[in-house]
Amino acid sequence: MNDPQNARKPKILVTRRFPDAVMARAARDYDATFHDDSTLLSGDALVRACEGQDGLFFSPTEKLTAEVIAGLPESVKVAATFSVGVDHVDLEAARARGLKVGNTPDVLTDATADIALLLMLGAARRAYEGERMVREERWYGWSPTEMLGIHMSGKRLGILGMGRIGQAVARRARGFDMEIHYHNRSRLSPDLEAGATYHESPDDLLKVSQFLSINAPATKENHHFLNAERIALLPERAVVVNTARGTLVKDEDLIAALRSGRIAAAGLDVFEGEPKINPVYKDLSNCFLLPHMGSATEETRDAMGFKALDNLDAFFAGKPLPAEVA
């Protein structure tokens, strides 16, 4: 953002340590206050930290609840989140207060889809177990029946949520000759479907999903979507992958299905209550677990930060936010 010489730069609070290139741009273009990453801002502490600020550059670890939004200083007119998901923001409260909120769509699609395929392969081919065998020196040589996993090629992949990331997962899965099925709030156009089979009901999708990739946004309606009743709809020995939000899965029910073998394996990058996850997951050898790293590439995280700053730049220039959600 190019301010006229000697003009006051807008003041923004930057709540986390973002990538160096992002921090440098924020420092160059704004009168930025950088919060120490050793503690997380929440509730009243977040409100107090916003005193004297014009805008907020934050992440999913900072929750903009209705109470926080109501308590924000009047000077704070815009908030840019370093994420696509906005389940950490009460958008209704933001709109009611007139707080503009922007997110970072498009730039993390490919990185997250890559992780979804990694989780599918890792879960289906027992990567966690195999790596532990090697590291713990419990591998005693090749055996015809050792470490038998599940073949991905030719299997039916059900994609719950066929937005940008879901479509990118489908493109990659076609490289494994998987048969693509999906459920979405609305059916895609034929060119975007690219031969995928649409299911009007998510329950109908589950019935055919030998592999299930969860790519839907977190909403009140789909909280604990994957529960015991829906797990029972999946084909026997299905593989479940979640790169969306942990709240879409009811942990106790998925764990029970993994223990019984009803679900063959799960690949999880997101968890309810993360980073404090259900500890039982750690004891399950048929779980391939990652620490919410779907967008964790240098290129993607830089692009996310730049998009968040683009939202702030536009607001302070009197223009619409390029990725406005409230």
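Just so it is clear, none of the values below were taken in a lab; they were calculated from the coordinates. In this text, all values refer to a predicted model and were calculated from it rather than measured experimentally. Counting neighbours? That spans all protein chains shown, and the Cβs are built from the backbone with ideal geometry, glycine included.
What are the extents of the Cα atoms of the stretch 100-184 along their three principal axes, in Å, largest first?
In descending order, the Cα extents are 58, 31, 17 Å.
I need the P(r) histogram for the stretch 1-151: all alpha carbon pairs, bin width 5 Å from 0 out to the longest distance, whole percents.
Per 5 Å bin, starting at 0, the Cα pair percentages come out as 2, 8, 14, 16, 13, 10, 8, 6, 7, 6, 5, 3, 2, 1, 0.
Take the chain, drop everything but the C-alpha atoms, weight them equally and run the Debye formula without solvent; then report log10 I(q)/I(0) at 0.11, 0.12, 0.13 Å⁻¹ to two decimals.
Results for the chain at q = 0.11, 0.12, 0.13 Å⁻¹ read -0.76, -0.88, -0.99.
Can you quote the Å³ per residue value for the convex hull of the Cα atoms in the stretch 109-289, rounded to an integer? It would help to have the intermediate numbers written out before the result.
Working: hull volume 21.8 nm³, N = 181.
For the stretch 109-289, the hull spanned by Cα atoms encloses 121 Å³ per residue.
So what's the angle, to the nearest 10 degrees on a 0 to 90 scale, between helix 20-29 and the longest Cα principal axis of the chain?
So the helix axis and the longest Cα principal axis differ by about 20 degrees.
Which angle from 0 to 90°, rounded to the nearest 10, does the C-alpha axis of helix 251-260 make with the longest principal axis of the chain?
On a 0 to 90 degree scale, this one is about 20.
In terms of Cα to Cα distance under 15 Å, which aspartates and glutamates are near enough to Lys155, apart from those fewer than 8 places away along the same chain?
The reachable aspartates and glutamates, counting only those whose Cα sits under 15 Å from Lys155, are Asp177, Glu179, Glu236.
Return the single residue from Tyr281, Tyr140, Tyr30 with maximal mean-square fluctuation; model: Gaussian network over the chain, springs between Cα atoms under 10 Å.
Highest fluctuation among the options: Tyr140.
For n ≥ 4 DSSP H runs only, could you compute -39500 (n - 2.57) per run for the chain, divide by its residues and tell me the 222 nm figure to the nearest 500? Intermediate values should be presented prior to the final figure.
Numbers: 12 runs with 110 residues, N = 326.
Theoretical 222 nm ellipticity from helices: -9500 deg cm²/dmol.
Could you bin all the Cα-Cα distances of the stretch 271-326 into 10 Å bins starting at 0 and give me the percent of pairs in each, rounded to whole numbers?
19, 29, 24, 19, 8, 1
If you build a Gaussian network model of the chain, linking Cα atoms that sit under 10 Å apart, which residue out of Leu309, Leu254, Leu40 swings the most?
For the chain, modelled as a Gaussian network with Cα springs under 10 Å, the answer is Leu40.
Tell me the angle of helix 298-316 to the major Cα principal axis of the chain, expressed in degrees between 0 and 90 and rounded to the nearest ten.
Computed tilt is about 40 degrees.
Karplus couplings for the stretch 228-243 from phi (6.51 cos²θ - 1.76 cosθ + 1.60, θ = phi - 60°), rounded to Hz, Gly and Pro as x?
4, 4, 7, 4, 5, 7, 5, x, 4, 6, 6, 10, 10, 10, 10, 10
If each Cα of the stretch 187-310 is one equal point scatterer, what is log10 of I(q)/I(0) from the Debye formula at q = 0.09, 0.11, 0.14, 0.19 Å⁻¹?
Values, matching the q order: -0.30, -0.44, -0.69, -1.10.
What is the local net charge at Phe18, summed over the other residues whose Cβ is closer than 11 Å to its Cβ (Lys, Arg +1; Asp, Glu -1)? The partial results should precede the final answer.
Values: positive: Arg16, Arg17, Arg25, Arg301; negative: Asp20, Asp37, Asp302.
Around Phe18, the surrounding residues sum to +1.
Which net charge results for the neighbourhood of Ala96, defined as the other residues with beta-carbon distances under 15 angstrom from its beta-carbon, given Lys and Arg at +1 and Asp and Glu at -1?
On the way: positive: Lys77, Arg95, Arg97, Lys100; negative: Glu67, Glu74, Asp90, Glu92.
Net of charged neighbours comes to 0.
Compute the separation of the alpha-carbon centres of the stretch 268-326 and the stretch 138-171 and state it in Å as a whole number.
Centre-to-centre distance over Cα atoms comes out at 24 Å.
If we sort 105-115, 60-70 on the protection proxy, mean other Cβ atoms within 10 Å, highest first, what's the order? Please list the in-between numbers first.
Numbers: 105-115: 19.7, 60-70: 17.9.
Listed from highest to lowest mean packing, they are 105-115, 60-70.
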